[in-house]
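Notes to accompany the following structure.
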Amino acid sequence: MHEISIAHREAVAAICDGPMADIFAKAMKDFDSLSSADTLRIIGFVYRFFKIWEEAYFQYKANRLDFTIWDSMTRQYTAYLSMSPFKRIWELRSEYVAPEFRDYVNSRKPVDLVLPNSISNRSDSKG
């Protein structure tokens, strides 16, 4: 449980730090405009989120992860799926996770993640 929590916090922190923050902000505006290297970076980065969530899913199912932590992670990751880079990479990489977990993620109701207009990818933003 502790290792999953650490991996989750480190992944969230990385999205806000240095080069990955820049890549992610660019991907929010126009994923297809990323360089080949940045595309590889963001795919690897976001796929890491999915693998952390997948591991947490199976730990929770085995009663080795507290509901409070599981629920918080799931709400956050479900909201991330509303962001274009996460949505796009899930489409590209969902076949690489366990079918049971893939079905679980696909069954989640989309949730809007509220972001400042300056980084939002919503078509009605004015940023």
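The helix-only estimate of mean residue ellipticity at 222 nm for the chain, built from DSSP H runs of length n ≥ 4 each weighted as -39500 (n - 2.57), is -22000 deg cm²/dmol after division by the residue total. Grab the chain and count how many Lys pairs have their alpha-carbon atoms under 29 Å apart, sequence gap of 8 or more, or different chains. For the chain, qualifying lysine pairs total 16.
Taking Cβ atoms as reference points and 13 Å as the exclusive limit, the residues near Ile42 contribute a net charge of +3, counting Lys and Arg as +1 and Asp and Glu as -1. In the chain, the portion of solvent-accessible area held by carbon and sulfur atoms comes to 52 percent [1.4 Å probe, whole percent, DNA, RNA and ligands not counted]. Positive-end ranking of Phe67, Ala7, Pro110 along the dipole of the chain, with charges on Cβ about the Cα centre, is headed by Pro110.
For segment 60-82, the residues whose amide N sits under 16 Å from a probe point set 7 Å from the Cα of Ser107 along the beta carbon direction are 60-62, 71, 74-75, 78. Measuring only protein heavy atoms, the 1.4 Å probe finds Arg48 accessible over about 90 Å². What the chain shows is 59 Å² of accessible area per residue, with the surface traced by a 1.4 Å probe over protein heavy atoms.
Between the beta carbons of Ser84 and Glu55, assuming R0 = 22 Å, the FRET efficiency works out to 0.35 to the nearest 0.05. On the beta carbon distance between Asp71 and Asp30, with R0 = 22 Å, the FRET formula returns roughly 0.10.
The values are calculated or read from the model by the stated rules, or taken from the named source; none is laboratory data. The structure presented is a predicted model; accordingly, all values stated were derived computationally and were not measured. All Cβ positions, glycine included, derive from the backbone under ideal geometry; neighbour counts span all protein chains shown. Side chains included, ligands, DNA and RNA excluded: accessible areas come from the protein's heavy atoms. Shrake-Rupley method; radii C 1.70, N 1.55, O 1.52, S 1.80 Å.
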